[in-house]
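The values are calculated or read from the model by the stated rules, or taken from the named source; none is laboratory data. Here the structure is a predicted model, which means the values were calculated and not measured. When the accessible area is computed, the model is the full protein with side chains, heavy atoms only, and any ligands, DNA or RNA have been set aside. Shrake-Rupley method; radii C 1.70, N 1.55, O 1.52, S 1.80 Å.
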Amino acid sequence: MSTVIEQPVEARLVAAAPRMPSIPATLRYDRRDPFAVVMTFPAPATLEGVEVAWTFSRELLIAGQQGPEGQGDVRVRPYGYDRTVLEFHAPEGTAIVHVRSGEIRRFLAAADELVPVGLEHLQLDLDHDLAELMRDAC
């Protein structure tokens, strides 16, 4: 059984111009980091010209489907009938993208099949992680 789910999504960048260009993005879930989701934007879609990845909680993405969520660098909220807004705040500025809510729901359903919500802690190997930390400290 695979430990990683990757799903391409079409994100629409909200900009000052009236046209919202589509940019490719990828949602990623890895059972080895069961509380996290990673959203990656390829180099051509970023101002810096390098791939950018944002890591945030799966719980934030789930809750953001129902109403505004987040107070930090990543914020999520529903928008209209079938859009979800993701805001990414960095010192350089803020990027706001719209993603079809159906794509996010499909991704979350696949993640839930891999690791059901509420059972994430069962994926953690704290003894192994602690041993790795201790090995690195020596």
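Odds and ends about this structure:
- Residue-wise HN-Hα coupling along the stretch 94-108, computed from phi with Karplus coefficients 6.51, -1.76, 1.60 (Hz; x: Gly, Pro): 10, 10, 10, 10, 9, 10, 4, 4, x, 5, 5, 4, 4, 4, 5
- Sulfur and carbon atoms: percent of accessible area, the stretch 1-117 [1.4 Å]: 54 percent
- For Phe35, no residue has an amide H sitting under 5 Å from its own, ignoring neighbours fewer than 5 places away on the same chain, with H placed 1.01 Å from N.
- Solvent-accessible area per residue, Å², over the stretch 1-92 with all protein chains present [probe radius 1.4 Å]: 60 Å²
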